[in-house]
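These notes are about the structure you will find just below.
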Amino acid sequence: MKNRKKKHWYDYMWIVSLSYLLLGFFNILFAWLGLLCFFIPLINSAVKGNKAYCNRYCGRGQLFGLLGGTFGLSRRKDIPGWMKSKWFRYGFLIFFLTMFAQMLVNTWLVFAGAESLREAVTLLWTFKLPWHWAYHTRTLTPWVGQFAFGFYSVMLTSTVLGFVTMILYRPRSWCVYCPMGTMTQLICKAKAHE
Amino acid sequence: MERKRRKAFVEQEYCVSCGCCVKECPVSAIQIVKGIMAEIDRQICVGCGKCAKECPASIITIREVVA
Ligand code: SF4
Ligand code: SF4
Ligand code: SF4
């Protein structure tokens, strides 16, 4: 029997994902880099009509695979039926995008001077965590910081949700309802109908 | 004589095309078609069940089929 498959450079993208979360703890402005893992998969699917991002490069998926699989932090139970239903997946996507839009509005309000910058990370769209130590450049235009806090909140929230479902179900359960995965799949479906 | 062999089947309607199964397959029998769903080449599949264990949506089953 052939032993383990050959590892590629992209099998180590989990290091990038982990570093991203850690860097945001020290300087929130690193959160801006997260835009890459927003646009790259979307552009890739729109241009190439495949899910190469999920299938190869996504570090977040790998991180869950590693923690849940190799490190065994997963019960390895079947995910409940409703979580893989289209209702839930599309519903979660809509909810996620709505929250994302709200984050952009908050950034806009700070940009327009209607609100002042809040140096906090919002977990699960509800809990405000103090995060002021990660914001050093107060000379910067405040909206740049507001966006960073908002974007990092999105990333941290999805990591926490993914972590919980990793423990409860299978290592990569997050991939079942991950909004990026759902969006790229929808783009691929649209492309295939062209 | 009829021979039964174990082969993997995907419930494609629920596939999220994450590709977790592709990574697991020791004989590269799985492909993600157009980014939409996984497809298994049952000529190649040896029915080891690794993909079924890994699929986060638990939609791969191993069945015995007449080869
Ligand atoms: S579904 Fe989401 S977490 Fe999973 S591989 Fe795709 S983008 Fe990454
Ligand atoms: S059962 Fe084994 S050989 Fe068949 S597709 Fe799954 S991983 Fe590959
Ligand atoms: S692991 Fe499951 S959900 Fe993911 S591509 Fe394979 S069959 Fe589809």
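Answer with yes or no whether A:Gln102 is polar (S, T, N, Q) and surrounded by 17 or more Cβ atoms within 10 Å (Cβ to Cβ).
Numbers: polar (S, T, N, Q): yes; surrounded by 17 or more Cβ atoms within 10 Å (Cβ to Cβ): no.
In short, no.
Across the range A:42-64, a minimum of one residue is classified as free of Cβ contacts under 8 Å to residues at least 24 places away in the same chain and either β-branched (Val, Ile, Thr) or not in a helix (DSSP H, G or I) (or both).
Note on the range A:109-194: enclosed helices (runs of 4 or more DSSP H) holding 2 or more residues that are open to solvent by 20 Å² or more (accessible area, probe 1.4 Å) and within 14 Å of chain B (Cβ to nearest Cβ) are A:142-168, A:179-193. All told, B:Val10 falls short of being more than 21 Å from A:Gln62 (Cα to Cα), over 11 Å from the mean Cα position of the chain (by Cα) and either more than 8 Å from every other protein chain (Cβ to nearest Cβ) or in contact (Cβ under 8 Å) with a residue 60 or more places away in the chain (or both).
Please work out if A:Lys84 is touching a strand residue (DSSP E or B) at 6+ places or on another chain (Cβ under 8 Å), surrounded by 19 or more Cβ atoms within 10 Å (Cβ to Cβ) and within 14 Å of chain B (Cβ to nearest Cβ). So that I can check it myself, show each step before the final result.
On the way: touching a strand residue (DSSP E or B) at 6+ places or on another chain (Cβ under 8 Å): no; surrounded by 19 or more Cβ atoms within 10 Å (Cβ to Cβ): yes; within 14 Å of chain B (Cβ to nearest Cβ): yes.
So A:Lys84 does not fit the description; no.
Within the range A:175-192, the set of residues being within 13 Å of ligand 3 (Cβ to nearest atom) and in contact with a Phe, Trp or Tyr (Cβ under 6 Å, 6 or more places away or on another chain) comprises A:Tyr177 only. Candidates B:Ile40, B:Ile60, B:Ile44: the one that is more than 22 Å from A:Asn50 (Cα to Cα), away from ligand 1 (no atom under 16 Å from the Cβ), more than 9 Å from chain A (Cβ to nearest Cβ) and of a type in the set (A, V, I, L, M) is B:Ile44.
Quick check on this structure: which one of A:Phe96, A:Phe71, A:Phe38 is of a type in the set (A, V, I, L, M, F, W, C), away from chain B (no Cβ under 14 Å) and open to solvent by 70 Å² or more (accessible area, probe 1.4 Å)? Only one candidate qualifies: A:Phe71.
Taking the condition closer than 21 Å to A:Pro171 by Cα, touching a Phe, Trp or Tyr at 6+ places or on another chain (Cβ under 6 Å), open to solvent by less than 10 Å² (accessible area, probe 1.4 Å) and within 12 Å of ligand 3 (Cβ to nearest atom), does B:Ala38 pass? Break it down stepwise before answering.
Details: closer than 21 Å to A:Pro171 by Cα: yes; touching a Phe, Trp or Tyr at 6+ places or on another chain (Cβ under 6 Å): no; open to solvent by less than 10 Å² (accessible area, probe 1.4 Å): yes; within 12 Å of ligand 3 (Cβ to nearest atom): yes.
No.
The values are calculated or read from the model by the stated rules, or taken from the named source; none is laboratory data. What you see is a predicted model, and the numbers here were worked out from it, not measured in a lab. Heads up, the Cβs are rebuilt from the backbone with ideal geometry, glycines too, and the neighbour counts pull from every protein chain shown. Only protein heavy atoms, including side chains, enter the accessible area calculation; ligands, DNA and RNA are left aside. Shrake-Rupley method; radii C 1.70, N 1.55, O 1.52, S 1.80 Å.
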